[in-house]
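Heads up: the structure comes next, in structure tokens.
The values are calculated or read from the model by the stated rules, or taken from the named source; none is laboratory data. Since the structure is predicted, the reported quantities are computational estimates derived from the model, not experimental observations. In this analysis, Cβ positions are derived from the backbone assuming ideal geometry, glycine residues included, and neighbour counts consider all displayed protein chains. Surface accessibility is based on the protein's heavy atoms, side chains included, excluding ligands, DNA and RNA. Shrake-Rupley method; radii C 1.70, N 1.55, O 1.52, S 1.80 Å.
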Amino acid sequence: GGLLADEMGLGKTLQIISALSDSGSAPLSPALIIAPGSLLENWRRELSKFAPHLKVMKHHGTLRTGRPSELKDYDVVVTSYDNAVRDNSLLNMIAWKVIVLDEAQFIRNPDAQRTRAVKRLQREAGLAVTGTPVENRLLDLWSIMDFVLPGHLGDAKTFETSFSNDVDGAARLEPLVSPLMLRRRIADVAQDLPRRIDIPQVVELDDHEAA
């Protein structure tokens, strides 16, 4: 398992597709990608573009299957957090090689229904993808890491008493999570990116907008 915590625009989706497309000796199939509903079509489109050899199903909408045998026919199943709750029993009938959580901050609350539903699913490996591994408190990161590698940081209560919500607590936590985290910032890869193109655009404002 692992946590991919890049800043926006650095190709997290493409990195995941690359891993699913060529994972070395054994294929990561079947794989389940759980993402916000608004991103499912983007995942389907990107998989089709960059890994056309993978059979992909978007498990979404009123006509989605209720039979695990149909899901097993695909290399990658893409579904939403809401469907991970609604169809939890169905999705739990499959032993997934890997479950990928896109926008993994969606499970930052350990007590939320969708967090519990996602963590219940059978998986050999868990991969969390997010640009914001900590939104409000260090427990956010605990909840995500508890999906990636259950038990690595202990239980929630022990974690909260061990790591205070301050710079000192974060500094003591960092060595425990950094071996499981791939983190890139724009500053780290700026030399690999093309030069920014600035295009001046004239915008007409009326008096109200100008004010």
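Every test in (1) open to solvent by 50 Å² or more (accessible area, probe 1.4 Å); (2) part of a helix (DSSP H, G or I) is passed by THR132 save one, and that test is (2). Candidates LEU20, LEU10, LEU32: the one that is open to solvent by less than 60 Å² (accessible area, probe 1.4 Å), touching a Lys or Arg at 6+ places or on another chain (Cβ under 9 Å) and at pLDDT below 90 is LEU10.
Pick from SER143, SER178, SER162: which is surrounded by 11 or more Cβ atoms within 10 Å (Cβ to Cβ), of a type in the set (Gly, Ala, Ser), out of contact with any Phe, Trp or Tyr (no Cβ under 9 Å at 6 or more places or on another chain) and touching a residue at least 24 places away in the same chain (Cβ under 8 Å)?
Working: SER178 fails: touching a residue at least 24 places away in the same chain (Cβ under 8 Å); SER162 fails: touching a residue at least 24 places away in the same chain (Cβ under 8 Å).
The match here is SER143.
One line per residue, one yes/no per condition, for (1) surrounded by fewer than 16 Cβ atoms within 10 Å (Cβ to Cβ); (2) touching a residue at least 12 places away in the same chain (Cβ under 8 Å); (3) basic (Lys, Arg):
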{"position": "HIS60", "(1), (2), (3)": "no, yes, no"}
{"position": "VAL76", "(1), (2), (3)": "no, yes, no"}
{"position": "ARG86", "(1), (2), (3)": "yes, no, yes"}
{"position": "LEU90", "(1), (2), (3)": "no, yes, no"}
{"position": "ILE94", "(1), (2), (3)": "no, yes, no"}
{"position": "LYS97", "(1), (2), (3)": "no, yes, yes"}
{"position": "PRO110", "(1), (2), (3)": "no, yes, no"}
{"position": "GLN113", "(1), (2), (3)": "yes, yes, no"}
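Evaluated against (1) among the aliphatic types (A, V, I, L, M); (2) closer than 24 Å to GLY154 by Cβ; (3) over 15 Å from the mean Cα position of the chain (by Cα), ALA104 falls short on exactly one condition, (3). A single member of GLU103, GLU70, GLU41 is open to solvent by 50 Å² or more (accessible area, probe 1.4 Å), over 14 Å from ALA19 (Cβ atoms) and in contact (Cβ under 8 Å) with a residue 24 or more places away in the chain, and it is GLU103.
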